[in-house]
Amino acid sequence: MTEFFNIIAVGLLLGGIYSLVAVGLNLIFGVVRIVNFAQGEFVMLGMYGTFAAQMALGFDPYIAPVIVVPLLFALGCAVYWLLLRPLQGEPMMQVFATFGLLMALENVVLAVTRGVGYSVNSALSQVSIKLGPLQIGLTRVIVLTAATAVAIALGWYLKTSLPGKAIRAIAQDRRAARLMGINVDRMYMISFGIGTALAGLAGCLLAPLYTMSPQIGANFIMPAFAVVVLGGLGSVAGAYAGGIIVGLTEALAGYYLDPALKQAVLFMVFIIVLLVRPQGLFGIAGAEEVGLREEH
Amino acid sequence: MKLTRRTFGGVVAGAVATTSAPSAYAQGTTIKIGAVNPYSGPMAQYGDELSLCFELATEQANAAGGVLGRKLEIVRASATNAQEGIAAVEQLVGRDKVDVLIGTYVSAISNAASEAALNNGKLYWETNALARDLTDRGLPNYARSGPSSNEFAARSVEGAVKIVAAKLNKTAKDLKVWIEHEDSAYGTSVFKEQDRLFKEAGVTYGVGTHSARAIDLTDSILRAKNAAPDVWMSTGYVGDTNLLLRAARDQGFKPPAIILLGVGDTKETLDALGKEYLEGMLLISYARPDVNEAYSPGAAAFLKLYRDKFKREPIAPQGMNAFVGAKILIEAIAKAGGTEYEKVIKAAASFDKPLGTYEAGYGIKFNEKMQNTRAFPVIAQWQNGQVKAVFPDAAAGGVAIVNIPRA
Amino acid sequence: MKNTETPTMLPPGAYIRTLRRELPVTAAVVAAMAALVILFAGDSFSLNILATTFLFAGLATAWNIIGGLGGQFSLGHSVFFATGAIISANLFLVFQLSPWLSLPLVAAVAALLSVAVSWPVFRLRGPFFSIATMALTEVALALAIYFDRFTGGARGLSIPFRLGLENMIFRDRFSYALLMVGYLALTLLVMAIVTRSRLGYSLQAVRDNEDAAMASGIDVLRTKLAGMAISAALTAVGGTLFLMFVRVVDPPTLFSLFDVGVKVAMIALVGGIGTIYGPLLGALFLVPLESYLRAQLGGSVPGGNLIALGVVLMLTALFLRRGIFGAVQSAWHRLRRPAL
């Protein structure tokens, strides 16, 4: 039984990682409706930013978001404005542009670092908490906590603040939102910026868990899409729950079945859920049908 | 000098494209060695390191007057997969007119590139690619100067049976081992041989497979922890190995001995885990440049060459293995009196030098498949933040094994 | 400001040629490509690039049938590509069956497989369909590595070098380049026929407006499945040719999301999606560019060639919205009607 609880804990903590990575993508995919292949690279940039902050300024990884998050917000706004806004209404070209961006970002980091696997260390990274028979690393608890906090904060922001309401309005009906006097382009830019900044935050908090490589972003992107679609487009609660479900599925499959098969099980479950409930667990029915050609 | 069709072609091509290197072609004497390695993607760092060390070997030879009165030159081509490996060979042979080819950090690239080299009638000299199948193909233009995955697997089994079992006062039959490996060709090749050797030795073992791209490997660690092994050994890449070790630390998984194959011996792992945690971890790896000089003559000279040129420490011990390989190739070309693959392979096959002739402790004696049978990795250990060779005894030079069973 | 809410979804070839008038054009294009190969005879570096170019041109043309004509933006075609390669490899290794003879079989198996997996997935539209196909790729890759009996596992399969036309194994790159031109010809022919057939018009109707297509009596699911089956069959044939071209294949390469699945879609997009010759143009632009950048920059700065390629891709997306074919077409129209 201990074993079972232990693996559930592992799954929940992994779910925290997925939620944190997916919550930004949820804004970009759910609101701006861009299949952003480069989202994993934004996480990767967040990690390297954390490393740079530690090297140059001696910042602990958990202080690094102070600089990394604003920088990535600016980067996200710039990417949207210069690369993706001109391609509005050409969703396939947008996909393709984000793919080009992915290649460029990954390889710029490779060229600069020559591919050396960096690690950052925090005072907290070696602490392991004992909870009865369970043992969990503090860094992962922080990630899960942060994921929860971000989900609540973002949900609250979207629900109560004026820009948040505007973002939700656009997500529901872009044309009507424009008629209501919302500056759609600007709100899209802000949403994309927030989505990128959240990826950067994820990068900071994940940096103490991993050894960085320029390619690490690619490991996150597929599960992140699975989480967003599973949870339901544009639903913050959905992305959070989706992350937890994906984390638990992976941990249980890895432990009880075979670690070599966990990816297969994970994506199989994803496809099945998608087929049974195309709108995702928390999505509005029909949302999945407006996509690449929503403007028709 | 006999004017063969190839050299004639080289002269003509040189006359056409002389802007970049006029002197080389004017003399018509440069031996061009094409280096096939990944310079982008996840293996970029190591691919680059290998080619840098090929360059060191050629520079050393050039400083000593070159070979057959000709200077040597390394020409690079990038390949990150089999298909690009073929393209790289076509580029090197077709466009850059190289005489021989050398490589490779990734086995799949070596596999495809060496066949493309054969189609072009060129030698493919392998230094680092590990998969055993590469030499088992019996390609007439192919030889491997360094150890294969089998030698790595054999050393890891030796480490478990000879070193760990002795320290734990157990016989091989009582020893419990957990073999963890990543699921690509590299981890699988090593595992296949470990599987055979452990069965032969009567050791009981469990097996775990993981993907090097996994976001979390705690499940793999929990499975191993349940088996309560005496030795936990892992074959992986840098990222997943560090992730496994971090999960093991978080989960309080403390096997009496840990053996890491191929990786885990670099600064990348030291930075990630810290020297206290790594203390006593065993490593199956190429001999490092700072190994005991009696075991690995010339290692200190290599280290000096490397530091002088690149102003830094070697990234990984793979580099010296590449350096030795290139050196043996150059000797074989010298003995063959040319670069045609039949001649060079014949010359290399005639070498018979005992262990401890070269850097990394290698000798040369190729078997009929042109695998060097006198090239072995060593067993090293993390001791106080440094990697020290501990086995075989000649490499250890009196360094004692510490912290087994792990405190 | 341009009204982005109403994108032009005119069929890219605004004037319609009949099949009878299309086929000579196709033949001329293929002949030009064959001439290109002959022009480079003896230069195996260039021939190798041409062979790769035509292979990917063929794959992108095959993808274009369902992705371009049918508007089903699949990113999972690597599954069919791998199916072809793995089945042919097994038949060759176990039964010494010539790859020529296994071609019809792999085409049939891939068609059936595509129908089986697409049946449920076609319920999804737009990006959801794309993401589901990507997930399928991940599942297939993990299973292929795990169940290694037929795939050789991670170590993959190697085809022994048995020279001969009957084995589709050649020493020279020239023969491979011509082989790939043949494959390109096959895919172009099928594309030309499908475009001018009832199926082709149904696919375009489904692409432009699924609900309207259904309302006008088109069996949407059946149309999509038929388009997917043809596309998958041709892709599997490409997989077999790739196998014999490289002779070393492993699941991570075959099922690669980026090197196969995304790449073929991207080539079609760059060239001109939904057009007959667009994918060929895309391949003629992208594949040599990629090879050139790798040869020029690959050895110096780590990843330098891919940085350049990424930038080129972004610029292409920004400035060639309708692909090379679209750009050429509008230039042509401007030239013919300067008054406009």
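If you go through the range B:129-150 and keep only what is part of a helix (DSSP H, G or I) and either in contact with a Leu (Cβ under 6 Å, 6 or more places away or on another chain) or buried (at least 24 other Cβ atoms within 10 Å of the Cβ) (or both), you end up with B:134, B:149. Residues in the range C:142-156 that are facing chain A (nearest Cβ under 8 Å) and not hydroxyl-bearing (Ser, Thr, Tyr): C:142, C:143, C:145. Scanning the range C:157-179 for residues that are facing chain B (nearest Cβ under 8 Å) and buried (at least 18 other Cβ atoms within 10 Å of the Cβ) yields C:158, C:173. Look at residue C:238 and say whether it is part of a helix (DSSP H, G or I), closer than 30 Å to residue C:109 by Cβ, more than 8 Å from every other protein chain (Cβ to nearest Cβ) and not polar (S, T, N, Q). It is true that residue C:238 is part of a helix (DSSP H, G or I), closer than 30 Å to residue C:109 by Cβ, more than 8 Å from every other protein chain (Cβ to nearest Cβ) and not polar (S, T, N, Q). Annotation: residue C:35 fulfils all but one of (1) without any contact (Cβ under 8 Å) to a residue 12 or more places away in the chain; (2) surrounded by fewer than 17 Cβ atoms within 10 Å (Cβ to Cβ); (3) within 14 Å of chain B (Cβ to nearest Cβ); the unmet one is (3). When B:222, B:197, B:244 are screened for being under 23 Å from residue A:218 (Cβ atoms) and either in a helix (DSSP H, G or I) or more than 13 Å from every other protein chain (Cβ to nearest Cβ) (or both), only B:244 passes. In this structure, does residue A:158 turn out to be touching a helix residue (DSSP H, G or I) at 6+ places or on another chain (Cβ under 6 Å), away from chain B (no Cβ under 14 Å), of a type outside the set (Val, Ile, Thr) and surrounded by fewer than 23 Cβ atoms within 10 Å (Cβ to Cβ)? Judged against the criteria, residue A:158 is a match.
Among the residues of the range A:125-138, some residue qualifies, meaning at least one is away from chain C (no Cβ under 12 Å), in a helix (DSSP H, G or I) and modelled with pLDDT of 90 or more. Listed here are the helices (runs of 4 or more DSSP H) enclosed by the range A:167-256 that have at least 3 residues being on the phi < 0 side of the Ramachandran plot and in contact (Cβ under 8 Å) with a residue 12 or more places away in the chain: A:184-206, A:216-231, A:236-252. No other residue among C:256, C:291, C:231 is within 14 Å of chain B (Cβ to nearest Cβ), among the hydroxyl-bearing types (Ser, Thr, Tyr) and within 21 Å of residue C:75 (Cβ to Cβ) apart from C:256.
All but one of (1) within 20 Å of the chain's Cα centre (by Cα); (2) surrounded by fewer than 24 Cβ atoms within 10 Å (Cβ to Cβ) hold for residue A:103; state the number of the condition that does not hold. Of the numbered conditions (1) within 20 Å of the chain's Cα centre (by Cα); (2) surrounded by fewer than 24 Cβ atoms within 10 Å (Cβ to Cβ), the odd one out for residue A:103 is (2).
Of the helices (runs of 4 or more DSSP H) lying entirely inside the range C:268-340, those carrying at least 3 residues that are among the β-branched types (Val, Ile, Thr) are C:304-319.
Pick from the range B:200-216 the residues that are within 14 Å of chain A (Cβ to nearest Cβ), out of contact with any Ser or Thr (no Cβ under 7 Å at 6 or more places or on another chain) and part of a strand (DSSP E or B): which of them is nearest to residue C:141 (Cα to Cα)? Checked the range B:200-216; the qualifying residue nearest to residue C:141 (Cα to Cα) is B:209.
Across the range B:293-337, the qualifying residues are those that are among the aromatic types (Phe, Trp, Tyr) and either free of Cβ contacts under 8 Å to residues at least 12 places away in the same chain or closer than 17 Å to residue B:55 by Cα (or both), and the one among them that is surrounded by the fewest Cβ atoms within 10 Å (Cβ to Cβ) is B:310. On the stretch given as the range B:104-128, residues that are within 13 Å of chain C (Cβ to nearest Cβ), of a type outside the set (Val, Ile, Thr) and crowded, with 24+ Cβ neighbours inside 10 Å total 11.
Residue by residue, here is whether (1) within 11 Å of chain B (Cβ to nearest Cβ); (2) free of Cβ contacts under 8 Å to residues at least 12 places away in the same chain; (3) closer than 18 Å to residue A:106 by Cα; (4) not in a helix (DSSP H, G or I) holds:
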| site | (1), (2), (3), (4) |
| --- | --- |
| A:7 | yes, no, no, no |
| A:11 | yes, no, no, no |
| A:14 | yes, no, no, no |
| A:18 | yes, no, no, no |
| A:22 | no, no, no, no |
| A:29 | no, no, no, no |
| A:36 | no, no, yes, yes |
| A:44 | no, no, yes, no |
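Tell me which residues, restricted to the range B:265-291, are in contact with a Phe, Trp or Tyr (Cβ under 8 Å, 6 or more places away or on another chain), closer than 23 Å to residue B:130 by Cβ and away from every other protein chain (no Cβ under 14 Å). Hits for the range B:265-291 are B:281, B:283, B:284, B:287, B:289.
Quick grid of which residues meet (1) closer than 29 Å to residue A:169 by Cα; (2) in contact with a helix residue (DSSP H, G or I) (Cβ under 7 Å, 6 or more places away or on another chain); (3) away from chain C (no Cβ under 14 Å):
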| position | (1), (2), (3) |
| --- | --- |
| A:53 | no, yes, yes |
| A:56 | no, no, yes |
| A:63 | no, no, yes |
| A:94 | yes, yes, no |
| A:108 | no, yes, no |
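The rows are residues; the columns are (1) touching a Phe, Trp or Tyr at 6+ places or on another chain (Cβ under 6 Å); (2) under 20 Å from residue C:119 (Cβ atoms); (3) modelled with pLDDT of 95 or more; (4) not hydrophobic (A, V, I, L, M, F, W, C).
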{"position": "C:207", "(1), (2), (3), (4)": "no, yes, no, yes"}
{"position": "C:232", "(1), (2), (3), (4)": "yes, yes, yes, no"}
{"position": "C:236", "(1), (2), (3), (4)": "yes, yes, yes, no"}
{"position": "C:239", "(1), (2), (3), (4)": "yes, no, yes, yes"}
{"position": "C:257", "(1), (2), (3), (4)": "no, no, no, no"}
{"position": "C:297", "(1), (2), (3), (4)": "no, no, no, no"}
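Exactly one residue among B:67, B:89 is within 11 Å of chain C (Cβ to nearest Cβ), touching a residue at least 12 places away in the same chain (Cβ under 8 Å) and of a type in the set (A, V, I, L, M, F, W, C), and that residue is B:89.
For the range A:73-91, residues that are under 16 Å from residue A:34 (Cβ atoms) and either touching a strand residue (DSSP E or B) at 6+ places or on another chain (Cβ under 8 Å) or away from chain C (no Cβ under 14 Å) (or both) total 3.
Among the conditions (1) within 22 Å of residue A:21 (Cβ to Cβ); (2) assigned to a loop (DSSP other than H, G, I, E, B), the only one that residue A:109 does not satisfy is (2). In the range A:110-123, the residues that are more than 9 Å from chain B (Cβ to nearest Cβ) and under 19 Å from residue A:209 (Cβ atoms) form Cβ pairs under 8 Å with partners that are of a type in the set (Ser, Thr, Tyr) and part of a loop (DSSP other than H, G, I, E, B), at six or more places apart or across chains, as follows: A:122/A:62. Note on the range C:111-141: residues that are closer than 25 Å to residue C:247 by Cα, of a type in the set (A, V, I, L, M, F, W, C) and within 7 Å of chain A (Cβ to nearest Cβ) amount to 1.
The values are calculated or read from the model by the stated rules, or taken from the named source; none is laboratory data. In this text, all values refer to a predicted model and were calculated from it rather than measured experimentally. Because the Cβ atoms are built from the backbone with ideal geometry, glycine has one as well, and the counts that use them run over all protein chains shown.
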